[in-house]
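What follows is a short report on a single structure.
The values are calculated or read from the model by the stated rules, or taken from the named source; none is laboratory data. Worth saying up front: this structure is predicted, and the values here are computed from it rather than measured. Every residue, glycine as well, gets a Cβ built from its backbone with ideal geometry; the counts of neighbours run over all protein chains shown.
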Amino acid sequence: MRRWSSPLVILSVLSLAAMSTQGAEYQPKLPLGLQQQAAYIPDDNPLTPEKIALGKQFFWDKRWSFSGSVACVSCHPPDHGWSDPQQFSTHANGKPTLRHSPTIVNRLFSDRQLWTGLRASLEEQAVKDSNRTDEKIVERFGAIPAYQEQFRKVFGRDLEPDGVAKAISAYVRTILSGNAPYDRFVAGDKSALSPAAQRGFALFGGKARCVRCHTGFNFADEGYHNIGVGMNKENPDLGRYTVTKNDADKGAFKTPTLRDVAQRGPYMHDGGEKTLEGVVAFYNRGGIKNPWLSAEIRPLSLTPSDQADLVAFLRALSGEIDPKVSSPPQLP
Ligand code: HEC
Ligand code: HEC
């Protein structure tokens with residue numbers, strides 16, 4: 001993994017067309033509030049403008065799935081915070097997904113992927129997604145001359161599944177959310193947050209204890225916790241335990257980023273909470289009791305106006321969507 005310490009060449013994602021050197025490695029320009037040194041980029045998959053552009057096309061192209069019925073964008077639409085408005089998404093085989101489709105903003109700052117952390121990287125996630133097969137990807141995308149030509153330029157070989165996953169991952173790393181009212185407030189613009197959101201900010205780090213897990217500039221500790229979601233069901237989803245088989249991980253799920261959270265209900269791994277008000281009320285009750293409940297989750301005694309203030313703060317974490325990243329590409 002590479003972590004950038006000092007920005008050597010910063011070329012804006014917005015100026016891809018202006019790049020003159022073919023295949024030159026570059027860093028996306030991060031919006032206000034995001035930290036360059038926290039970025040994860042595998043050494044064998046450097047970002048280049050051409051690779052990102054190709055990955056963006058694959059992300060939108062339904063010929064990617066074995067049934068030709070879904071693409072990444074089907075379950076991660078940009079106009080809904082890159083998350084599915086439905087509680088569960090529809091797989092390429094027509095069946096509902098096991099879990100709610102999460103946002104994919106700011107994946108640049110994580111190695112492990114999925115609610116359970118099952119996948120070690122974006123590349124592994126993209127190559128092992130169950131909606132696709134190697135055969136169909138080579139058969140469909142490989143038959144499209146424009147894709148072959150772009151792929152050879154980027155990877156120096158004929159189109160194959162690993163490169164497709166690498167290109168998609170490179171594009172996903174440019175899906176960023178920052179420069180929210182919260183960031184402008186922290187940077188010194190005291191008018192960026194309403195008085196209610198400012199009170200919510202204080203509660204977030206204080207009485208409401210949210211910051212214990214939703215920590216740092218991305219509001220995520222990259223850890224797994226049992227907050228009780230779904231634990232009152234007959235056969236609860238055991239989450240992280242299904243990966244580690246450690247008893248302590250039963251019912252634990254990955255802490256999601258809270259950036260753009262107002263854009264993307266329903267919430268939680270089971271999409272069971274429809275609104276932010278509902279989420280805050282859930283925490284205020286102390287989650288759902290079960291033998292593995294995190295010690296950090298307990299009744300909070302927040303008043304109704306505290307709860308409204310906390311929601312106002314969560315709404316102030318919405319950044320701007322970069323239209324160059326989120327607009328549909330032309331497909332060959
Ligand atoms: C049929 C719907 C569907 C399609 C198609 C789909 N996803 Fe997902 N995606 C999901 C669901 C559901 C999850 C959560 C699964 C889990 O955690 O068990 C998920 C999780 C993810 C995550 C993990 C996010 C995190 O915070 O850990 C990433 C990244 C991701 N998808 C990217 C992609 C990419 C890239 C594609 C295309 C190559 C894609 N997805 C295609 C439904 C879909
Ligand atoms: C013990 C760690 C922990 C604490 C404390 C915590 N969270 Fe969470 N949060 C999580 C985890 C883990 C999830 C995902 C749980 C799941 O889906 O089962 C989550 C999910 C969420 C979601 C849903 C996001 C989405 O994209 O679906 C929101 C919103 C949220 N938390 C806000 C808060 C607020 C507000 C507080 C303070 C009142 C808080 N959290 C306190 C760990 C925590």
So in the range 106-139, with the set limited to residues that are farther than 21 Å from A39 by Cβ and either in a loop (DSSP other than H, G, I, E, B) or within 16 Å of ligand 2 (Cβ to nearest atom) (or both), which one is farthest from the chain's Cα centre (by Cα)? T133
What tally of residues in the range 237-255 results from selecting those that are in contact (Cβ under 8 Å) with a residue 24 or more places away in the chain and under 14 Å from R99 (Cα atoms)? 8
Here the residues within the range 200-222 that are near ligand 2 (Cβ under 8 Å from one of its atoms) and within 16 Å of the chain's Cα centre (by Cα) are H214, D221
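Given the residues G230, G200, G223, which is the only one that is of a type in the set (G, A, S), crowded, with 18+ Cβ neighbours inside 10 Å, within 16 Å of ligand 1 (Cβ to nearest atom) and not assigned by TED's automatic domain parsing to the domain that holds C72?
Answer to the check: G230.
Yes/no matrix, rows are residues, columns are (1) assigned to a loop (DSSP other than H, G, I, E, B); (2) in contact with a Pro (Cβ under 6 Å, 6 or more places away or on another chain); (3) of a type in the set (S, T, Y):
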residue: G216; (1), (2), (3): yes, no, no
residue: D221; (1), (2), (3): yes, no, no
residue: I227; (1), (2), (3): yes, no, no
residue: G230; (1), (2), (3): yes, yes, no
residue: D237; (1), (2), (3): yes, no, no
residue: F253; (1), (2), (3): no, no, no
residue: L258; (1), (2), (3): yes, no, no
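Return the only residue of R157, R152, R199 being in contact (Cβ under 8 Å) with a residue 24 or more places away in the chain and among the charged types (D, E, K, R).
Details: R157 fails: in contact (Cβ under 8 Å) with a residue 24 or more places away in the chain; R152 fails: in contact (Cβ under 8 Å) with a residue 24 or more places away in the chain.
That would be R199, the only listed residue that is in contact (Cβ under 8 Å) with a residue 24 or more places away in the chain and among the charged types (D, E, K, R).
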Say whether the condition of being touching a residue at least 24 places away in the same chain (Cβ under 8 Å) and either among the aromatic types (F, W, Y) or in contact with a Cys (Cβ under 6 Å, 6 or more places away or on another chain) (or both) is met by at least one residue in the range 294-309. no
If I filter the range 239-253 for residues that are more than 7 Å from ligand 2 (Cβ to nearest atom), among the basic types (K, R), modelled with pLDDT of 95 or more and under 15 Å from A295 (Cα atoms), do I get at least one hit? yes
Total residues in the range 261-291, condition out of contact with any Phe, Trp or Tyr (no Cβ under 8 Å at 6 or more places or on another chain), crowded, with 17+ Cβ neighbours inside 10 Å and acidic (D, E): 1
So, in the range 140-149, exactly how many residues are in a helix (DSSP H, G or I) and either on the phi > 0 side of the Ramachandran plot or touching a residue at least 24 places away in the same chain (Cβ under 8 Å) (or both)? 5
Note on the range 69-110: residues near ligand 1 (Cβ under 6 Å from one of its atoms), closer than 23 Å to A170 by Cα and not polar (S, T, N, Q) are V70, C72, C75, H76, P102, I104, R107
